[in-house]
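The values are calculated or read from the model by the stated rules, or taken from the named source; none is laboratory data. Not measured: the values here are computed from a predicted model. Positions of Cβ are backbone-derived with ideal geometry, glycine not excepted, and every protein chain shown enters the neighbour counts. With ligands, DNA and RNA removed, areas are computed over all heavy atoms of the protein, side chains included. Shrake-Rupley method; radii C 1.70, N 1.55, O 1.52, S 1.80 Å.
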Amino acid sequence: MASSRVPQQLFLQGVAAVYLFAFASLYTQIPGLYGPEGILPARRTLRPQGKGRWQQLWERPTLLWEAPKLGLDTAQGLDLLTLLGTVLALGALLLNSLRHPLIYLLLWAAYLSVCQVGQVFLYFQWDSLLLETGFLAILVAPLRQPSKHKVPQGGLAGASLHEDLPFWLVRWLLFRLMFASGVVKLTSRCPAWWGLTALTYHYETQCLPTPAAWFAHHLPVWLHKLSVVATFLIEIAVPPLFFAPIRRLRLAAFYAQALLQILIIITGNYNFFNLLTLVLTTALLDDRHLSAEPGHRYHKKMHTSWPKTLLTMLSLLLELTVYGLLAYGTVHYFGLEVDWQQDIIVSKTTFTFHQFSQWLKMVTLPTVWLGAASLAWELLIALWRWIHVQGWLRKFFASIQLSILGTATVALFLISLVGNPVENGVGGRWGRTELWPACLQVPYSYMEPETHGRLWTGAHRLFSSVEHLQLANSYGLFRRMTGLGGRPEVVLEGSYDGHHWTEIEFMYKPGNVSQPPPFLIPHQPRLDWQMWFAALGPHTHSPWFTSLVLRLLQGKEPVIRLVQNQVAKYPFHERPPTYLRAQRYKYWFSQPGEQNQWWHRQWVEEFFPPVSLGDPTLETLLQQFGLQDKSPPRTRSPSSTLAQTLNWVRMQLSPLEPSILLWGLLGAVVTIRVMRTLLAPRPLQSSKLAREERRKQTPKKDSRATSERAGLAPNSNSSDSWVPRRKK
């Protein structure tokens, strides 16, 4: 088995980068979302209920319980956590010594703390995925940095004894994420997925498209259908290859997954979600593929025994068989045919929902056993390495580490199989499946109910005991395609007299038909995302929207900055509007050739009635949803040094647009790493120059003595000897 030290380091750096983006992006939005004048003030979520300190912390694990002791309110505590998280993630990204389990534990605890009070704006699947991946990073990170010297043959170094165990969980998480996302598209019976026409709507109706989405939308329909077939192939058929014993199959699976994620990044603003998925794909790589194993590039062809030759031929035959089966299955089950007259590839679904259900019932449990067998193999490898550890003391400590990590790995594998389906894994606690069918989160075993009933009952109890820590979550994106008749969009309008209305344009979501879609990755404007969900149903299913209307009527600047970061561009920046209302439109991409226009739109209906401050309708909605501020915010001492520091940092960073801030952080990281690479000494080159100098200056008669002092015979054939072999 090839070593995976370099992929693990890439994984840890990738997790740190995603934490950096997540914390920094959220930091810019805290005042408008969770501040005292925000849409959903965070202080309402943390109300002591007379329980003990540790019981309260266990039931709702968030470090924000300790904010009052620092003289901070909940929103300021969020500022502190996100800033600390940004700094720690930046440090882990730049310094090897900070890629330590303690640092990743702090990052995970900080993000879990934030999610506990995030309410509807932090109930997205990528937030759950980051928490689960972040916890795995705690286990993957080495307690001590591995030696830069050559690793002993067989990987028996103390650091490599058990390092592959937790890293295997990363591969299992990637498998669950991709396989579930592919399966739920078909189990939903969505006509767009079954008819292979989903991508003819997707680019136009996704939450925040990029400019490239406009061009992708206008590709030929046959190519869209073929792309859906490729999506099913990559998400359903390819993931089992993650556990293939042949490394070339795993590498092929890696490139397939990477291609899919890169295409999604180009055409859709899904913040750090696809970047995090790319980080998970590092579990499919190894040091040999990344040219990290010594002597890999310059190996000589050597005579091999016939058993090894036979094994190589059988592996190649198995690999070709797998590729052939994938090709045949794709052509057969999706009816691929070439229409030579029109130069297109025709595709259609040739199997029924009943046939797919029977297939799913047949393969779900075997995939669980496949995962269990792969995990058992990793455990056996770790045990074999432990047997070969020299010295009883090293063996004793290695057994302790192996026992702890082995138990944790098996436990996390078990709890990942169970869980409860989440009705709206993206929209929040008020979400409903009939409104947001694309967002149903399905636990792995729930994809096939009979499989869920066969699981060990102890796994259910284990999951229930740690469910609130979000160590294992459910996934399943784009279960159903929405907006088939046009993209629904909510447009806010304000007025001073109730007769003349002015539209309020958001920075990122579609509004002005002549405004091109932005490219925001890795920033996530969480209000714009929730506006997309709100448009899918009546406003009563999005209670936070009423609070948004209230804050805009009050002219609260933190909320206005969520709409327009440059307040001067907000049409009511001088004086808040007297009336507010919202209209529902349907949007479509413009056609090629239409200059200075990206969208077409058509009015559908009134989404939210005209209201003003003190309006009975508004007061009734606020009371109905429990959004009235019954208790005023608790005042904190303005002389608190920490609070003043946080306020000063906020004042310095608030003028920056969030996406510019994130790209600035990324540019700083890249610049620092490039400078370090250019300025770092090159030991290989310097050692070669030193050897040449010594060869020129040292007499030939001293070469034998030099070899002996180095502990090498004059006629040694060792490749590590720099003394040239004397000719006889």
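Of the residues screened, Leu26 is not one that is crowded, with 20+ Cβ neighbours inside 10 Å, touching a residue at least 12 places away in the same chain (Cβ under 8 Å), farther than 30 Å from Thr546 by Cα and in contact with a helix residue (DSSP H, G or I) (Cβ under 8 Å, 6 or more places away or on another chain). Do the conditions hold for Arg189, that is, is it modelled with pLDDT under 95, among the basic types (Lys, Arg), out of contact with any helix residue (DSSP H, G or I) (no Cβ under 8 Å at 6 or more places or on another chain) and open to solvent by 10 Å² or more (accessible area, probe 1.4 Å)? No, not satisfied.
Applying the criterion of being over 30 Å from Pro48 (Cβ atoms) and at pLDDT below 90 to the residues of the range 634-656, the residue that is least open to solvent (accessible area, probe 1.4 Å) is Ser654.
Scanning the range 37-70 for residues that are in a helix (DSSP H, G or I) and crowded, with 16+ Cβ neighbours inside 10 Å turns up Ala42, Arg43, Arg44, Thr45, Gln56, Leu63, Leu64, Trp65, Ala67. Considering only residues in the range 245-298 that are modelled with pLDDT of 95 or more and open to solvent by 60 Å² or more (accessible area, probe 1.4 Å), the one that is farthest from Ala212 (Cα to Cα) turns out to be Tyr255. For the condition in a helix (DSSP H, G or I), β-branched (Val, Ile, Thr) and in contact with a strand residue (DSSP E or B) (Cβ under 9 Å, 6 or more places away or on another chain), what is the one hit in Val331, Val338, Val410, Val322? Residue meeting the stated conditions: Val331. Looking at the range 364-407, which of its residues are part of a loop (DSSP other than H, G, I, E, B) and either within 27 Å of the chain's Cα centre (by Cα) or surrounded by fewer than 12 Cβ atoms within 10 Å (Cβ to Cβ) (or both)? Within the range 364-407, Gln390, Gly391 meet the criteria. Checked against (1) over 30 Å from Asp497 (Cα atoms); (2) surrounded by fewer than 16 Cβ atoms within 10 Å (Cβ to Cβ); (3) touching a residue at least 60 places away in the same chain (Cβ under 8 Å), Pro571 meets all criteria but (1).
When Ala137 is tested against (1) open to solvent by 20 Å² or more (accessible area, probe 1.4 Å); (2) modelled with pLDDT of 90 or more; (3) among the aliphatic types (A, V, I, L, M), exactly one condition is not met: (1).
Selection of the range 576-624 for residues being within 12 Å of Leu552 (Cβ to Cβ) and outside any strand (DSSP E or B) yields Pro576, Pro577, Thr578, Ser612, Leu613, Leu618.
Check whether at least one residue in the range 94-104 is among the β-branched types (Val, Ile, Thr) and crowded, with 23+ Cβ neighbours inside 10 Å, and report yes or no. Within the range 94-104 (the criterion being among the β-branched types (Val, Ile, Thr) and crowded, with 23+ Cβ neighbours inside 10 Å), the answer is no, since none of the residues qualifies.
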